[in-house]
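S.K.: Sharing a structure here in C-alpha cells format.
What follows is calculated from the coordinates using simple rules that are stated; it is not laboratory data. Everything numeric in this text was worked out from a predicted model, so none of it was measured. No Cβ is skipped: glycine too gets one built from the backbone with ideal geometry, and neighbour counts run over all protein chains shown.
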Amino acid sequence: MRPEQVVLYPLMTEKAIDLIEKENKLIFVVNRNAGKRDIATAVEELYKVEVEKVQTMITRTGLKRAYVRLSPAHNASDLAIKLGIL
C-alpha cells in the first residue's frame, strides 16, 4: 500500500492534544488493513519524522486509530502545527 492509502487523516480531539503535549504522540485514522509496520513506514515517509512506537485500536464505528509515538528527536507539537491541527 502507498503511504497515502495507509494514513487517511490526523485526528484532533482533546485527548489527542493531551497526548501531543504529554507523551509526544499523534493520533491518525488509518486504513483498516494496515499493520503497525505499514503505519510507521507511512508516517515516516509522509511527514519526515522518526516513529518510535505504534499502537492501534478499532473503534465501535469501525475506524482504525493509530497512536504514533515520535522519537525524542522529533516534536509532535511541531508536526501538529505543520498539519494545521494545533
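S.K.: H74 versus T13, label points 7 Å from Cα toward the beta carbon: distance in nm?
M.R.: Those two pseudo-labels are separated by 2.3 nm.
S.K.: Starting at the first residue of the range 44-55, write each ³J(HN,Hα) from the Karplus equation 6.51 cos²θ - 1.76 cosθ + 1.60 with θ = phi - 60°, in whole Hz, x for Gly and Pro.
M.R.: Values, residue by residue: 5, 6, 5, 10, 6, 10, 9, 9, 8, 7, 10, 10 Hz.
S.K.: Please give the calculated 222 nm ellipticity per residue for the chain, where each DSSP H segment of at least 4 residues contributes -39500 (n - 2.57) and the sum is spread over every residue; nearest 500 deg cm²/dmol?
M.R.: Numbers: 4 runs with 34 residues, N = 86.
Helix-only estimate at 222 nm: -11000 deg cm²/dmol.
S.K.: I'd like the trypsin sites (Lys or Arg not before Pro) in the range 24-86 restricted to DSSP loop residues with at most 14 other Cβ atoms within 10 Å, sorted by number. Working shown, then result.
M.R.: Details: sites: K25, R32, K36, R37, K48, K53, R60, K64, R65, R69, K82; in loops: R32, K48, R60.
Answer by residue number: R32, K48, R60.
S.K.: Let me spell out the model: positive unit charges on the Cβ of Lys and Arg, negative unit charges on the Cβ of Asp and Glu, origin at the Cα centre of the range 3-83. What dipole size does that give, in debye rounded to 20?
M.R.: On the way: 13 positive and 11 negative charges, 75 e Å.
So the dipole magnitude of the range 3-83 works out to roughly 360 debye.
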